[in-house]
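Read through the structure below, which is laid out as structure tokens, and then see the notes.
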Amino acid sequence: MTTYTPRMNELNGQGETAVRETDILQTAETLRWQIGQNFHEQLMEDIYTEAARIADRAVTRAGEKPRFDMDRTIDHIVTSRVWGFPLMVLLFTVVFWLTISGANVPSGWLSYIFLDTLHPLLKEGATAIGMPWWLSGLLIDGMYLATAWVVSVMLPPMAIFFPLFTLLEDFGYLPRVAFNLDNIFRKSGAHGKQALSMMMGFGCNAAGVVATRVIDSPRERLIAIITNNFALCNGRWPTQILIASLFIGGLVPAYLAGFVSAMAVVGIAVLGVFLSFAVSWGLSRSILKGEVSTFSLELPPYRPPRIWQTIYTSVIDRTMIVLWRAITFALPAGAVIWLSANVMIGGVSIAEHLINLLNPLGLLIGLNGVILVAYIVAIPANEIVIPTVLMLTVLVTGATGVGAGAGVMFEMDGSAVRHLLDAGGWTLLTAVNLMLFSLIHNPCSTTIYTIYKETGSKKWTLIATMLPVVMGFIVTFLVAQVWRLLAG
Amino acid sequence: MPDPLLSLIIAGFLAGLGAALFWPQRGLIPNWQKTRQLTNRVLGEDAIKHIHKCDMDGRRPTVESIAGALHISTNEAATLLDSLQTQNLLFMSKGEIHLTPAGRDTAMHIIRAHRLWERYLAEETGYAEADWHGQAEHFEHHLTPTQLTALEAQLNYPTHDPHGDPIPTATGELVEHGGQPLTTLPVDKPGQIVHLEDEPEVVYAQLVAEGLHIGMPIRVTEITPQRVRFWANGDEHVLAPIVAGNISVLPLPETTPIVPDSSDSLANLHPGETAEVLSISPACRGAERRRFLDLGILPGTRIIAEMRSPSGDPTAYIIRGATIALRRTQAEYIKIKRVQHAAS
């Protein structure tokens, strides 16, 4: 304004306009202090109120329609004090039961096709065309096998779980679950909808992290993302079940074994839920204190689920995307696993060097070098932890008659596994700590990448990755020391 | 295998060491960082702020008062004043400390930074009210005038900080809030809270705990030397006069209040009951308030409580045809008038 005024003076020779303009500015400046402190809010509120008033006056509605009776009835049942929780537990038990028992059969088929049939065929084909052993090893034993493994373990449960979950979502039931459970989540500083992303996390953590999009409050969404890893994902269930049935089920008489080992696995899953509450509580009171937090939860009307559309979109949007990401990570991981077992330095493979290096640390926390190395190379997918552990154990113990050669992952019958692991120096403590570490360690690379995509922040990705590993080391360390003290 | 007991002891020791080093605020490293930040510049700025505050309150700043306010010894305070004098930020006249125009500019900049930052914390972050002041005490020394101009634009040129203190303009102009202490408001005369003094902290914490906020309508019903009884935004409060004196109010013209005394909040509406919104409490700000407006919760809106979660909280309400669940703490922000309804 100051540069403008002299020109105005020249133009009209009197300077009256200029004086008037400064007057206006001065008046504005004075008024600015008089209109009150919250005038922006006040203005906004008045605009909204006026808009609502005009709409109410101008729009005639065909009689105030009461809420759809059916909706009310369903709502009053699914959120009632008596039926709310039992119904919820029942529904999710059914979903998980369908997933676990339903996935076994197709998993068996895929494993038969990809691992038992196609893999030897490919090997023979490679030999027939004169492919050098190292190339066929790297491509077929390494990259192909790891990918095939991930697909056959991962695909069936996801293809069942996601559509079922999406059906519940489409019907409108899931927001009611958030409504029922919000109080518990509120107490740990989280949002009721975290129940949904957590549930989704039991299927796949990457999908669970994507599912946090429904949480519109920034702080609670970050909490849900960071703690999603504590939902035991479907890639980790096989590890838990195998180790529990071999080591924990073996402690009790045979007729109880099934039940006890199942309880051990459920116990780990429940511990995961508990940890995610505890970590949510800690996060909301420390590093996430400054993030904005608001709450609102819409309970949309129920509608009949569109079954085919749901199945189509959930298979395409959720299953395929997650599977594709897993494959892109499993391919290089397979190569790394094969190379680490086959590239020799000073007559010893890289894997063995690493195992020897990590063994003291592993033993200190009640695990061993083999498990730690397996968890490093299996960052891309939790599904291949057990096959990698078995392969490395054979490599280290030099056991003969088992396995399929250095760098080739394999699986076998329970008693043979137990035999091999015993030879690898495993104890009950190793088994318990492996179960704990399988729950509390870094998310797989697919999930880490998804977290990065969702948060767009390196800081939160790093925290979400490192927090569980550090916790895992602390927990296994403490358990190991206390165990040894008590065991003498 | 290392001895388990020994490992545990070593681990415990390491954990203790880590905590001693890194514990927020009390650990050695945060402490060391804090002392490192307490450079002469920061101390000098704090001293200038103190002198300015004394000027405003009509008190005389002394070496002792500066030492007390900055938690340093009188010797250090004297040295500090010397160096400020050589920087031409203050001068002594007849044994009294006065700010030079340059010193006043510095004071204005610091106050502007402090209040803008508090406003920022209130509007755009999730920090609790009690954390604002402490954070602003730190950031006021680290914001440049350019950053402040950008921050001011981002916040839509606010005039006041969240406690009701006016924010100085970039050119250093400062207007007073113009309120009077609550204790001087005549009984039964309507007023509005325009300022809550944020120092001393104990008193301020009490005001925050009472749920008082600037912008709230207020009416005193009883003043005795022992207590002040008043209605603010539909709730009754009783405070000691010394605490109530930290509330500044502006008298309002006599009109029917928007929020009558003993108004109910939405949180007390039982499932099946209907109510009309009177107002959203001024204590509800930022993202939270915008969300309410987005949902169409406005003065005059009809709300029906529909059902309560089996765990007791939240409650679902029917608002403009949609079913929305709100938590109890949120519903408490919404003042209502109950409506007898003949079939929704």
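With the structure loaded, tell me whether A:Gly414 is more than 14 Å from chain B (Cβ to nearest Cβ) and over 29 Å from A:His119 (Cα atoms) or whether it fails that test.
Working: more than 14 Å from chain B (Cβ to nearest Cβ): yes; over 29 Å from A:His119 (Cα atoms): no.
So A:Gly414 fails the test.
Working only within the stretch B:325-344, note down all residues that are of a type in the set (S, T, N, Q) and surrounded by fewer than 18 Cβ atoms within 10 Å (Cβ to Cβ).
Going residue by residue through the stretch B:325-344, those that are of a type in the set (S, T, N, Q) are B:329-330, B:340, B:344.
Scanning the stretch B:325-344 gives B:Thr329, B:Gln340, B:Ser344.
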query = Could you say which residue among B:Ala305, B:Ala322, B:Ala283 is at the interface with chain A (Cβ under 9 Å from one of its Cβ atoms) and either out of contact with any helix residue (DSSP H, G or I) (no Cβ under 7 Å at 6 or more places or on another chain) or surrounded by 21 or more Cβ atoms within 10 Å (Cβ to Cβ) (or both)?
reply = B:Ala322
note = Within the stretch A:195-224, of all residues that are among the polar types (S, T, N, Q) and more than 14 Å from every other protein chain (Cβ to nearest Cβ), the one nearest to the chain's Cα centre (by Cα) is A:Asn205
key: Scan of the stretch A:268-277 for residues that are under 17 Å from A:Trp97 (Cα atoms) and open to solvent by 40 Å² or more (accessible area, probe 1.4 Å), ordered by number   = A:Val270
message = Give all pairs with beta carbons closer than 6 Å in which a residue from the stretch A:162-190 that is open to solvent by 10 Å² or more (accessible area, probe 1.4 Å) meets a residue that is charged (D, E, K, R); count only pairs at least 6 apart in sequence or on separate chains.
response = A:Asn183/B:Asp313
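Rundown of residues vs (1) farther than 25 Å from A:Ile384 by Cβ; (2) polar (S, T, N, Q); (3) surrounded by 15 or more Cβ atoms within 10 Å (Cβ to Cβ), yes/no style:
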residue: A:Thr93; (1), (2), (3): yes, yes, no
residue: A:Thr99; (1), (2), (3): no, yes, yes
residue: A:Ala128; (1), (2), (3): yes, no, no
residue: A:Leu138; (1), (2), (3): no, no, yes
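Could you tell me which residue of the stretch B:122-132 is nearest to B:Leu174 (Cα to Cα), considering only residues that are without any contact (Cβ under 8 Å) to a residue 12 or more places away in the chain and more than 11 Å from the chain's Cα centre (by Cα)? Step through it out loud before you land on a result.
Initially, the stretch B:122-132 is screened for residues without any contact (Cβ under 8 Å) to a residue 12 or more places away in the chain, giving B:125-128, B:131.
With more than 11 Å from the chain's Cα centre (by Cα) added as a condition, the list becomes B:125-126.
Numbers: B:Thr125: 26, B:Gly126: 28 Å.
Looking at residues that are without any contact (Cβ under 8 Å) to a residue 12 or more places away in the chain and more than 11 Å from the chain's Cα centre (by Cα), I get B:Thr125.
Show me the helices (runs of 4 or more DSSP H) found entirely inside the stretch B:15-82 where at least 3 residues are open to solvent by less than 60 Å² (accessible area, probe 1.4 Å) and not charged (D, E, K, R).
Working: elements: B:28-37, B:40-57, B:63-70.
Per the criteria, B:40-57, B:63-70.
Quick one: which residue in B:Thr35, B:Thr74, B:Thr100, B:Thr86 is over 18 Å from B:Leu143 (Cα atoms), in contact with a helix residue (DSSP H, G or I) (Cβ under 6 Å, 6 or more places away or on another chain) and among the polar types (S, T, N, Q)? Give the steps one after another, and end with the answer.
On the way: B:Thr35 fails: in contact with a helix residue (DSSP H, G or I) (Cβ under 6 Å, 6 or more places away or on another chain); B:Thr100 fails: in contact with a helix residue (DSSP H, G or I) (Cβ under 6 Å, 6 or more places away or on another chain); B:Thr86 fails: in contact with a helix residue (DSSP H, G or I) (Cβ under 6 Å, 6 or more places away or on another chain).
On inspection, the qualifying residue turns out to be B:Thr74.
In this structure, does B:Pro271 turn out to be within 14 Å of chain A (Cβ to nearest Cβ) and surrounded by fewer than 19 Cβ atoms within 10 Å (Cβ to Cβ)? Show your work before the answer.
Values: within 14 Å of chain A (Cβ to nearest Cβ): yes; surrounded by fewer than 19 Cβ atoms within 10 Å (Cβ to Cβ): yes.
Considered against the rule, which asks whether it is within 14 Å of chain A (Cβ to nearest Cβ) and surrounded by fewer than 19 Cβ atoms within 10 Å (Cβ to Cβ), B:Pro271 comes out as yes.
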Residue count, the stretch A:362-382 (criterion: assigned to a helix (DSSP H, G or I) and either in contact with a Leu (Cβ under 7 Å, 6 or more places away or on another chain) or closer than 16 Å to A:Met435 by Cβ (or both)) = 9
query = Going by the conditions given, is A:Ile241 under 25 Å from A:Met263 (Cα atoms), surrounded by fewer than 24 Cβ atoms within 10 Å (Cβ to Cβ) and within 14 Å of another protein chain (Cβ to nearest Cβ)?
reply = no
message = Looking for something more than 14 Å from chain B (Cβ to nearest Cβ) and closer than 26 Å to A:Leu91 by Cα - is there at least one such residue anywhere in the stretch A:279-299?
response = yes
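Restricting attention to the stretch A:244-261, report how many residues are out of contact with any Leu (no Cβ under 6 Å at 6 or more places or on another chain) and surrounded by 16 or more Cβ atoms within 10 Å (Cβ to Cβ). Give the steps one after another, and end with the answer.
First, the residues of the stretch A:244-261 that are out of contact with any Leu (no Cβ under 6 Å at 6 or more places or on another chain): A:244-246, A:248-261.
If we keep only those that are surrounded by 16 or more Cβ atoms within 10 Å (Cβ to Cβ) as well, we get A:244-246, A:248-250, A:257, A:260-261.
The qualifying residues number 9.
Every residue, every condition in (1) closer than 30 Å to B:Asp198 by Cβ; (2) without any contact (Cβ under 8 Å) to a residue 40 or more places away in the chain, yes or no:
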site	(1), (2)
B:Ala240	yes, yes
B:Leu250	yes, no
B:Leu278	yes, no
B:Ser281	yes, no
B:Arg290	yes, yes
B:Gly296	no, yes
B:Ser309	no, yes
B:Tyr317	no, no
task = Of the conditions (1) away from chain B (no Cβ under 14 Å); (2) open to solvent by less than 60 Å² (accessible area, probe 1.4 Å); (3) assigned to a helix (DSSP H, G or I); (4) over 30 Å from A:Gly189 (Cα atoms), A:Val322 clears all except one; give me its number.
result = (4)
key: the stretch B:107-121 residues that are within 23 Å of B:Asp55 (Cα to Cα), paired with ones that are at pLDDT 90 or above and aromatic (Phe, Trp, Tyr) (beta carbon under 6 Å, 6 or more apart)   = none
task = Exactly one condition in (1) closer than 23 Å to A:Pro468 by Cα; (2) away from chain B (no Cβ under 14 Å); (3) polar (S, T, N, Q) is not met by A:Ser188; state its number.
result = (2)
Of residues in the stretch A:446-488 being more than 20 Å from A:Arg221 (Cα to Cα) and away from chain B (no Cβ under 14 Å), the one surrounded by the fewest Cβ atoms within 10 Å (Cβ to Cβ) = A:Val469
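Looking at A:Ala58, A:Ala103, A:Ala52, can you tell me which residue is open to solvent by 40 Å² or more (accessible area, probe 1.4 Å) and more than 22 Å from A:Ala178 (Cβ to Cβ)? Give the derivation first.
Details: A:Ala103 fails: open to solvent by 40 Å² or more (accessible area, probe 1.4 Å); A:Ala52 fails: open to solvent by 40 Å² or more (accessible area, probe 1.4 Å).
Residue meeting the stated conditions: A:Ala58.
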request  = Kindly check whether there is at least one residue in the stretch A:384-402 that is open to solvent by less than 50 Å² (accessible area, probe 1.4 Å), on the phi > 0 side of the Ramachandran plot and touching a Lys or Arg at 6+ places or on another chain (Cβ under 9 Å).
outcome  = no
message = I'm checking my understanding of the structure. Among residues of the stretch B:194-211 that are touching a residue at least 60 places away in the same chain (Cβ under 8 Å) and surrounded by 14 or more Cβ atoms within 10 Å (Cβ to Cβ), which one is farthest from A:Phe39 (Cα to Cα)?
response = B:Tyr204
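Restricting attention to the stretch A:444-464, report how many residues are small (Gly, Ala, Ser) and within 18 Å of A:Tyr375 (Cα to Cα). Reasoning before the result, please.
Going through the stretch A:444-464, the residues small (Gly, Ala, Ser) turn out to be A:445, A:456-457, A:464.
From what's left, within 18 Å of A:Tyr375 (Cα to Cα): A:445, A:464.
Of the residues in the stretch A:444-464, 2 are small (Gly, Ala, Ser) and within 18 Å of A:Tyr375 (Cα to Cα).
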So A:Thr227, is it within 14 Å of another protein chain (Cβ to nearest Cβ), crowded, with 17+ Cβ neighbours inside 10 Å and under 30 Å from B:Ala287 (Cβ atoms) = no
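Okay, residues lined up against (1) more than 8 Å from chain A (Cβ to nearest Cβ); (2) crowded, with 20+ Cβ neighbours inside 10 Å:
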| position | (1), (2) |
| --- | --- |
| B:Ile218 | yes, yes |
| B:Ala232 | yes, yes |
| B:Pro251 | yes, no |
| B:Gly312 | no, no |
| B:Thr315 | yes, yes |
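Does B:Thr159 satisfy being open to solvent by less than 20 Å² (accessible area, probe 1.4 Å) and polar (S, T, N, Q)? Outline the logic, then answer.
Details: open to solvent by less than 20 Å² (accessible area, probe 1.4 Å): yes; polar (S, T, N, Q): yes.
The answer is yes for B:Thr159.
The values are calculated or read from the model by the stated rules, or taken from the named source; none is laboratory data. Nothing here was measured: the structure is a model prediction, and the numbers come from that model. Counting neighbours? That spans all protein chains shown, and the Cβs are built from the backbone with ideal geometry, glycine included. Only protein heavy atoms, including side chains, enter the accessible area calculation; ligands, DNA and RNA are left aside. Shrake-Rupley method; radii C 1.70, N 1.55, O 1.52, S 1.80 Å.
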